[in-house]
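Notes follow the structure.
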Amino acid sequence: MRIWTSEHTFEHSWDTVVTAAWRKYPNPLNPSVVGLDVLDRSIDAEGKLKSHRLMSTSWGMPGWVAKLIGMQESAFASEHSVVDPENKIFTLNSRNLTLSNVLTVNEQLTYSQHPTDPNKTLLKQEATVTVSGLPLCNRLEKMMTDAMTNNANKGRQAMEFVIDKIKKEARELTTEAHKCMDNVLPKTNSL
Amino acid sequence: MKDTHILTMNSVGVECQELKKRYDECFNKWFAEKFLKGHRDDPCQPLFKVYQECVKKALKEKKLDIEQMEIQVLGTDNEKQPPS
């Protein structure tokens, strides 16, 4: 079992980051994530939003090859998450379902508001890798954790990409609103 | 208003695609504008129920029992721990 952890600070408010997190996919940096479905969602008695999602990823090979070697066309992972809007904490826990009899990759992400700056958000990531319940040997461990570091960086870049996208949408809406106003006002002034 | 949701994710069930899109749009809007501002009522629930039924049906057809798979994963962790 290898534990890999990483911390990162986003220069955006927790509200912005968490909103973007739901819209993280699709993004050009994680092309293998092909499907995402919400299996369950509810608000608990404490006002926390609980979600259970199913993620499908392609193998990076044609579907027919996957079938040929006896795999489903997609690999599946299950993600459980809780949004605590009062304390501004968003935790996500995901693990693979496919090949779980061989290998288990378990990842936890926690987005929380920066303790001193409300315009910043902390992301803490932690992952464990277990092969058939036994610890991985060193070389394979290193390969997995290197891949995770790489993916974590991509994940963060993906978040920045989505945050930019949302901000761009907001700017475009503002521009359109201004245009409408400009069209209306001169006409009324000339009356 | 210009449709800014050009890229969308797929659903596990092709037939659920439209339902998923509508539910996701409802959820994203409600989450940012209402939930984060303290409102607990989720007006997207009716949309979600229909979408959820579709996904359950698609998973059944693909013979994917998610609950069973999750139980198996937990079982693997519990049963195959190396002796400490």
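The values are calculated or read from the model by the stated rules, or taken from the named source; none is laboratory data. Small disclaimer: the values here were computed from a predicted structure and weren't measured. For neighbour counting, all protein chains shown are included, and Cβ atoms are generated from backbone atoms with ideal geometry for every residue, glycine included.
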Does the range B:30-52 hold any residues that are part of a helix (DSSP H, G or I), more than 10 Å from chain A (Cβ to nearest Cβ) and in contact with a helix residue (DSSP H, G or I) (Cβ under 9 Å, 6 or more places away or on another chain), and which are they? B:47, B:50
Can you find a residue in the range A:95-114 that is hydrophobic (A, V, I, L, M, F, W, C), in contact (Cβ under 8 Å) with a residue 60 or more places away in the chain and within 11 Å of another protein chain (Cβ to nearest Cβ)? no
Checking residue A:93 against (1) touching a Phe, Trp or Tyr at 6+ places or on another chain (Cβ under 9 Å); (2) on the phi < 0 side of the Ramachandran plot: exactly one of these is not met. Which one? (1)
Would you list the strands (runs of 3 or more DSSP E) that sit entirely within the range A:21-91 and hold 3 or more residues that are at the interface with another protein chain (Cβ under 9 Å from one of its Cβ atoms) and at pLDDT 90 or above? A:33-43, A:49-58
